[in-house]
Amino acid sequence: MTDTLPKIELHLHLEGAAPPAFIRGLAAEKKMDISGIFDARGNYSYIDFWHFLKVYEAATETLKTPGDYHRLTRAVLEESAASGVIYCETFLSPDFCGGRDVGAWQEYLHAIREAAEEAERQDGIVLRGIVTPIRHFGPEKAKETAICAAETAGDWIVGFGLAGDEKIGKPKDFAWAFDAAREAGLRLTCHAGEWGGPDSVRDAIRDLGVERIGHGVRAIEDLALVDELAEHGTVLEVCPGSNIALGLYPGWRQHPVGRLFDRGVKVTISTDDPPFFHTTMAREYERLADAFDWDAGVFATIARTSAEAAFCDPATKDTILKKLESAHA
Ligand code: ADE
Ligand code: ZN
């Protein structure tokens, strides 16, 4: 039932979506030994979230040129299109793409956009970018990242976010970067309520003025906050497979996404870092249908919420909304 549904993904880390075989291929070309990040079956191997971040960064070490990012973008979008994704927003970090140098970042971005245009011509999938500093790299680096974001803000770089270790620092440490991004016209999101509790969600909304929250699922621990999110229309970029793989919840039925949806929160569904979590958008939909008895009507609501929450320009949004309408007619 869910296979053929058109899907919208708002929370996808580009490097985190790299198939392990793709990263192994790059490592072999560059004569790098990164065998320690894979298990015997060739999958990414990590023991917890913090180790996952290290493995992620080690895999990213193989991505050294704009050309590598061009190939990565093609590989990732091919997988997404095969899952029925018609529109996707991906997190991009100038930390990994040119070491936060504006000129180098522009070259990486050019290569990524070129690959996205090729994928759009081939499969019809539309990609947009959200520039994302890495929280554990600290607020000073985030400022440089915000400058890269502001210099390239426009019809393709449409948002600014914050990823990385939520246990380090506070959202307000990144206020300068978020203010600069907002002034450049970028829309805002922030990872919170994944490893931090409900207060981390409150802090991100109050101190950074974000309109979407990456994950946000631990809001469920405070029902007053859940009701505030519903009332204000704050959008959650929920990644259930990621949360389960990282041990936040023991299984799909225990995941709070069903309760958040039932209580009126604007819920969207994404994969986060799909090969790390053995997932795809098609698999997320299947598991959700099984766990919560969600039918095509619920998925249509979620897809529409996602399109409305997308950071792209109104004309692009209109096109994806029309595609959704004709699929569900
Ligand atoms: N970077 C990649 N995936 C992430 C996640 N789930 N949380 C925080 N930072 C990330
Ligand atoms: Zn994420």
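Structure above, values below:
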{"quantity": "Computed over segment 7-320: relative contact order in percent, which uses C-alpha pairs under 8 Å that are six or more apart", "calculated": "18 percent"}
{"quantity": "Most mobile listed residue (Ile47, Ile269, Ile125) in the chain, GNM with C-alpha springs under 10 Å", "calculated": "Ile47"}
{"quantity": "For Ala245, net neighbour charge (Lys/Arg +1, Asp/Glu -1) across residues whose Cβ lies under 13 Å away", "calculated": "-3"}
{"quantity": "Sorted peptide list for 7-17, 67-77, criterion being average Cβ within 10 angstrom, highest first", "calculated": "7-17, 67-77"}
{"quantity": "Of all DSSP beta bridges in segment 7-320, antiparallel share, percent nearest 5", "calculated": "5 percent"}
{"quantity": "Helix-only [θ]222 nm of the chain, DSSP H runs n ≥ 4, -39500 (n - 2.57) each, per residue, nearest 500", "calculated": "-15000 deg cm²/dmol"}
{"quantity": "Convex hull volume per residue for segment 229-329, taking Cα atoms only, in Å³", "calculated": "107 Å³"}
{"quantity": "Separation between Cα centres of segment 79-150 and segment 255-301, rounded to whole Å", "calculated": "24 Å"}
{"quantity": "Pairwise centroid distance, computed over Cα atoms, of segment 14-34 with segment 39-71, Å", "calculated": "7 Å"}
{"quantity": "Amide H contacts of Leu92 (H built 1.01 Å from N, under 5 Å, at least 5 apart or other chain)", "calculated": "Ile130, Val131, Thr132"}
{"quantity": "Length-normalised contact order for segment 175-225 - Cα pairs under 8 Å, 6+ apart - percent", "calculated": "39 percent"}
{"quantity": "Distance from segment 196-244 to segment 160-180 (C-alpha centre basis), Å", "calculated": "15 Å"}
{"quantity": "Phi to ³J(HN,Hα) by Karplus 6.51 cos²θ - 1.76 cosθ + 1.60 over segment 156-170, Hz, x for Gly, Pro", "calculated": "10, 7, 10, x, 9, x, 8, 10, x, 6, 5, 7, 9, x, 10"}
{"quantity": "Options Ala309, Thr145, Ile244, ranked by Cα towards positive dipole end of the chain, top entry (Cβ charges)", "calculated": "Ile244"}
{"quantity": "Rounded, prolate or oblate (a/c below 1.5 giving rounded, otherwise prolate when a/b exceeds b/c) for the chain by Cα gyration tensor", "calculated": "rounded"}
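Every number in this text was worked out from the coordinates using simple rules, so none of it is lab data. Source: prediction; values computed, not measured. Cβ sites come from the backbone with ideal geometry, for glycine too, and all protein chains shown count toward neighbours.
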